[in-house]
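Beneath this line is the structure, given in structure tokens, with notes to follow.
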Amino acid sequence: MFETWKKHFKRGGGKREEILAPVEGMAVSLNEVNDPAFNQELLGKGIAVIPSKGRIVAPVDGVLTVMFETKHAVSITADNGAEVMIHVGLDTVKLKGEGYRSFKKQGEAVRAGELLLEFDLDEIRQKGYDLITPVIILNTAEYPNMECHVGKKVKELEPIIELQVNK
Amino acid sequence: MKEYRYEIEDPMGLHARPASMIFMEAGKYSCSIEACWELQKADCKSLLAIMGLGARKGDVIVFRFEGEDEEAAYYAIRSVLDKK
């Protein structure tokens, strides 16, 4: 039992939780997102992924707390309390769901890796939208020791954000 | 307690941008600010809660303010909502 205890309590006494990449692509800093709501971290801290594949999977085990009717953004509340928002592209609310398909409904429980959305990269880009996908921790204030891993290519479910959970 | 009834005009409903504007303004006040729609209530200090309402164009949301600075919060949220 002591071993599992130790595993959970490395670095500074808190439990570390990982948020996994919901989409394959290039992980970059939020500074590179051309929208002040994201690059000024108004909605919270996080990273952005420039997608190379049109699939969004759940980044944690939890509940799908928001599935917009327009399917361009989702939020998952992790079992550990973290609120993760994934916003696929900028201003893509204007597409009203065109080019997006959803596979889960708001309120459903999800496991990390389960398919949430598919989107048509080419179609959406052709319409002139930037598909950069911010992945934001909405309740950032609860996680003062957040680490974001950017500047590398990620596959689905590679760790991108580490949180210290003190619960 | 103060109340403000607001009919959503944005054709896309309360999506991320309008929800985040309400959330950011709400965070500046100490009073409680709730958005009530149908049988749901959302704490406006949680962006997730506001977005989770799923309110659409034409829906009427009642904002309820309760606490010391409710008057100031009421006018601030009104000005955010009426800006568009």
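What to note about this one:
- Residue satisfying all of: in the stretch B:26-44; under 9 Å from the mean Cα position of the chain (by Cα) and not in a strand (DSSP E or B); farthest from B:Glu68 (Cα to Cα) among these: B:Cys44
- Top-ranked residue of the stretch A:117-133 - restricted to ones that are touching a residue at least 12 places away in the same chain (Cβ under 8 Å) and not in a loop (DSSP other than H, G, I, E, B), ranked as surrounded by the fewest Cβ atoms within 10 Å (Cβ to Cβ): A:Glu123
- Looking only at residues in the stretch B:1-20 that are in contact (Cβ under 8 Å) with a residue 60 or more places away in the chain and within 14 Å of chain A (Cβ to nearest Cβ), the one that is nearest to the chain's Cα centre (by Cα) is B:Pro18.
- Any hit, the stretch A:134-151, residues being assigned to a loop (DSSP other than H, G, I, E, B), within 14 Å of chain B (Cβ to nearest Cβ) and surrounded by 14 or more Cβ atoms within 10 Å (Cβ to Cβ): yes
- Filter result for A:Lys10 (within 21 Å of A:Ile76 (Cα to Cα), modelled with pLDDT under 90 and not polar (S, T, N, Q)): no
- Within the stretch B:32-75, the set of residues being open to solvent by less than 10 Å² (accessible area, probe 1.4 Å) and more than 14 Å from chain A (Cβ to nearest Cβ) comprises B:Ile33, B:Ala35, B:Ile61, B:Phe63, B:Phe65, B:Ala73.
- When residues in the stretch A:61-77 are screened for being more than 10 Å from every other protein chain (Cβ to nearest Cβ) and open to solvent by 10 Å² or more (accessible area, probe 1.4 Å), 3 of them pass.
- Hits in the stretch A:152-163 (condition: assigned to a strand (DSSP E or B) and surrounded by fewer than 16 Cβ atoms within 10 Å (Cβ to Cβ)): A:Lys152, A:Lys153, A:Pro159
- Test for B:Tyr29: is it more than 30 Å from A:Val63 (Cα to Cα), surrounded by 15 or more Cβ atoms within 10 Å (Cβ to Cβ) and among the hydroxyl-bearing types (Ser, Thr, Tyr): no
- The number of residues in the stretch A:18-57 that are part of a strand (DSSP E or B) and open to solvent by less than 40 Å² (accessible area, probe 1.4 Å) comes to 13.
- Restricting the stretch A:78-116 to residues that are surrounded by fewer than 20 Cβ atoms within 10 Å (Cβ to Cβ) and within 15 Å of A:Pro22 (Cα to Cα), the residue that is nearest to the other protein chains (Cβ to nearest Cβ) is A:Lys104.
The values are calculated or read from the model by the stated rules, or taken from the named source; none is laboratory data. Predicted model only: the values in this text are computed from it and were never measured. Note that we place each Cβ from the backbone using ideal geometry, even for glycine, and neighbour counts take in every protein chain shown. To get the accessible areas, we keep the full protein, side chains included, count just its heavy atoms, and leave off ligands, DNA and RNA. Shrake-Rupley method; radii C 1.70, N 1.55, O 1.52, S 1.80 Å.
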